[in-house]
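Visitor: Got a structure for you, questions after.
The values are calculated or read from the model by the stated rules, or taken from the named source; none is laboratory data. Computed from a prediction, not measured in an experiment: that's the story for all the values here. Cβ coordinates were reconstructed from backbone atoms using ideal geometry, including for glycine residues, and neighbour counts include every protein chain displayed.
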Ligand code: GLU
């Protein structure tokens, strides 16, 4: 049988990490098995609907390369793929359940339900809808329907016995029917609840494997009762483990945890995020961490999905993103880096390509770019001690001497580019019998006033240009001269 997985998001806001993982696993499993990956938009909850959320869903699928075989814009045999356009289908299937006695009309008002709930609480009982409307006669129902009374349709769950299902990850889950509420299947606006629509659609769309968050584990027995009532075969259930922010807190949008868009906005690459998310709850038994898309497809298997919650580890995903950035061809990195470089007006006087080159292997996320380059426009205030370096046998006097030699070199270099600066400095060290560091260290410190920087003397001098480089070297010589005078005095 051909595998068919689905991603069935509700357009209620941003794409959260858990949503994206569900989409990814459905996609990977379909690709791995040569099956179909279906997208269905679950937009029947008008109250939770958010204007641009559908757009975000499609944009994210595109950015992450999770291409689907059927869904909005890719009509297959099972459309429409927006639940809001399937209203008539749900009505028809709800009616089938009513005919079978597995569902019933309920005309109870909110006030009535509230009163029932209170009464149950006062008795110390867990509230369950008391099946009041199940007792209505056919005629009574018809009369109330004809009178245009608002109604919902409820599932008629058995009051005894157990219902169970097998989940690939969590094993067999059983519940007592007595604990199940008669959930609403069709709301008074004629639209289905998730609880009903997911069953009807997964069946009609031929979904073989239902992958979704483990928050649906406890409702799945009720869905199984619906499958049974219809006489349909249940799909294979794959409930995915929780994603936590730490040992005790769930990753959640309510806690302000980052969504996919938030991650992209601060300079994560979609491919890196996908790679990281693939490993949130799944591994192939190896220590491999960086996977190409094809490697993920080949390695992915349901048996590698774990039951225990996984922790969204920010340092880890940052590290992984840094690896992806380093591995990008420079032509790909440059346009990604440019907007971040341009954010800082002070950096606009430098060659953006050279800045990008300087930074590519030294960041984990793109938003670090402005801060990592912020040192360039001005030399940090520093003292002569910074030039002193034991290993390079540098003190204020020898550093000044090196800088004077560097100045002479820089004044006369015929060409000002990295190669020429580099070769000139190396040659200078050779000619003067100094270790390279004895020249390079002061030649870099003079340009920035910092112990460490992205890039060494050569790259910085090239970016700053000859005039500015000489101006900074001059200043450093003056600083060292003063220190030196101080020594003598
Ligand atoms: N519409 C549900 C959600 O976004 C999907 C659950 C499922 O995959 O069945 O949470």
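Visitor: Name the pairs whose Cβ atoms lie under 8 Å apart, with the first residue in the stretch 346-357 and surrounded by 14 or more Cβ atoms within 10 Å (Cβ to Cβ), the second modelled with pLDDT of 95 or more and outside any helix (DSSP H, G or I), and 6 or more positions between them or separate chains?
Guide: Every condition considered, the pairs that remain are 347/376; 347/377; 350/376; 355/376.
Visitor: Restricting to the stretch 306-343, name every residue that is buried (at least 16 other Cβ atoms within 10 Å of the Cβ), assigned to a helix (DSSP H, G or I) and in contact (Cβ under 8 Å) with a residue 40 or more places away in the chain.
Guide: Scanning the stretch 306-343 gives 317, 318, 320, 321, 322, 324, 325, 336, 340.
Visitor: Would you check if there is a residue in the stretch 219-232 being at pLDDT 95 or above, out of contact with any strand residue (DSSP E or B) (no Cβ under 7 Å at 6 or more places or on another chain) and in a loop (DSSP other than H, G, I, E, B)?
Guide: There is at least one residue in the stretch 219-232 that is at pLDDT 95 or above, out of contact with any strand residue (DSSP E or B) (no Cβ under 7 Å at 6 or more places or on another chain) and in a loop (DSSP other than H, G, I, E, B).
Visitor: Considering only the stretch 411-440, state which residues are within 48 Å of the chain's Cα centre (by Cα) and under 21 Å from residue 354 (Cα atoms).
Guide: 415, 416, 417, 418, 419, 420, 421, 422, 423, 424, 425, 440, listed by residue number.
Visitor: Condition first: more than 10 Å from the ligand (Cβ to nearest atom) and either buried (at least 23 other Cβ atoms within 10 Å of the Cβ) or more than 25 Å from the chain's Cα centre (by Cα) (or both). Now tell me which residues in the stretch 200-212 satisfy that.
Guide: Hits for the stretch 200-212 are 200, 203, 204, 205, 206, 208.
Visitor: Would you tally the residues in the stretch 291-305 being loosely packed, with under 14 Cβ neighbours inside 10 Å and in a loop (DSSP other than H, G, I, E, B)?
Guide: Result for the stretch 291-305: 1.
Visitor: Just to be sure I understand, how many residues within the stretch 378-416 are surrounded by 12 or more Cβ atoms within 10 Å (Cβ to Cβ) and closer than 15 Å to residue 461 by Cβ?
Guide: The total comes to 10.
Visitor: Listed residues 44, 22, 33; which is within 12 Å of the ligand (Cβ to nearest atom) and within 28 Å of residue 304 (Cα to Cα)?
Guide: Only one candidate qualifies: 22.
Visitor: Going through the stretch 118-143 one residue at a time, which ones are closer than 18 Å to residue 184 by Cβ and not in a helix (DSSP H, G or I)?
Guide: Residues satisfying the conditions are 126, 127, 128, 129, 130, 131, 136.
Visitor: In addition: Considering the stretch 243-256 alone, what residues qualify as being within 28 Å of residue 67 (Cβ to Cβ) and either surrounded by fewer than 18 Cβ atoms within 10 Å (Cβ to Cβ) or without any contact (Cβ under 8 Å) to a residue 12 or more places away in the chain (or both)?
Guide: Residue satisfying the conditions is 253 alone.
Visitor: Continuing with the same structure: In the set 194, 227, 216, which member is within 12 Å of the ligand (Cβ to nearest atom), within 19 Å of residue 97 (Cβ to Cβ) and surrounded by 14 or more Cβ atoms within 10 Å (Cβ to Cβ)? Let's see the steps before the verdict.
Guide: Numbers: 227 fails: within 12 Å of the ligand (Cβ to nearest atom); 216 fails: within 19 Å of residue 97 (Cβ to Cβ).
After ruling out the rest, the residue left standing is 194.
Visitor: Those residues that are more than 11 Å from the ligand (Cβ to nearest atom), assigned to a loop (DSSP other than H, G, I, E, B) and more than 16 Å from the chain's Cα centre (by Cα), I need them from the stretch 1-19; list them, please.
Guide: Correct list: 1, 2, 3.
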